Amino acid sequence: MKKKSYFLFCLVAISSCDQTNISMDKLEWVDELYLVNERPYTGVVFNKFEDGNISGTITIKNGIPNGGWKALGFDREIVQEGNYQPVEIYKFSHPNIRRLNLVFGKEGPYNSWDLFIVVKDSDKINFDTPFIKSQIQKNYHVDSITLNIVLGELELEGKSK
């Protein structure tokens with residue numbers, strides 16, 4: 001009887017744990033968050049090439065990119081890698097700004113910093129982007145940064161500054 005109870009306890013404990021790796025196609029994109037079973041996802045997400053090999057990974061915490069990411073080549077080599085870092089949005093309060101993500105990336109010998117401004121409405125981009133850019137550079141000690149304005153996770157053509 002004790003063995004059966006222990007087995008049942010272990011089974012329940014294991015099944016109640018959050019998943020730590022999941023395919024991107026298993027996530028839902030709702031209200032600017034990645035969800036699984038209607039809850040913000042935390043863990044590593046992967047994409048695959050058509051042949052089934054993993055093409056990239058990204059760390060997500062509480063439904064948003066936060067942590068390391070990698071893009072892999074066809075021979076499973078790391079082509080690009082970097083880190084997502086959410087920026088505390090209260091410093092740049094604006095009704096149209098949903099989220100700010102500072103992204104560090106490496107490709108071969110080249111390093112880059114990108115700031116993604118995730119907006120609610122692409123027709124209302126009327127905030128002070130030079131001020132935001134200068135404050136990020138100052139507060140995060142970043143010399144050069146590319147500013148990207150995005151709706152959801154998709155870059156808006158012609159809206160980057």
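Here the gap between GLN85 and VAL30, fully extended at 0.36 nm per residue and compared with their Cα-Cα distance, gives a gain of 17.8 nm. Sparse packing (at most 16 other Cβ atoms within 10 Å of the Cβ) combined with a DSSP loop state is found for the following chymotrypsin sites (Phe, Trp or Tyr not before Pro) in segment 21-105: PHE49, PHE74. Estimated from the Cβ-Cβ distance and a Förster radius of 35 angstrom, the FRET efficiency linking ASP143 and GLU77 is about 0.80. Please report how far the C-alpha centroid of segment 37-58 lies from that of segment 96-123, rounded to the nearest whole angstrom. Each part reduced to its Cα centre gives a spacing of 20 Å. In a shell of Cβ-Cβ distance under 15 Å around ILE78, excluding ILE78 itself, what net charge do Lys and Arg (+1) and Asp and Glu (-1) give? After counting each charged neighbour, the total is -1. In this structure, the residue pairs whose Cα-Cα separation is over 32 Å, taken from LYS48/LYS138; LYS61/LYS124; LYS26/LYS133; LYS61/LYS106, are LYS48/LYS138; LYS26/LYS133. Here's how it looks for THR146: its modeled amide H is under 5 Å from those of TRP113, ASP114, LEU115, which are all 5 or more places away or on a different chain. Largest accessible area first, the residues LYS124, LYS133 order themselves as LYS124, LYS133 under a 1.4 Å probe with ligands, DNA and RNA left out.
The values are calculated or read from the model by the stated rules, or taken from the named source; none is laboratory data. Source: prediction; values computed, not measured. No Cβ is skipped: glycine too gets one built from the backbone with ideal geometry, and neighbour counts run over all protein chains shown. With ligands, DNA and RNA removed, areas are computed over all heavy atoms of the protein, side chains included. Shrake-Rupley method; radii C 1.70, N 1.55, O 1.52, S 1.80 Å.
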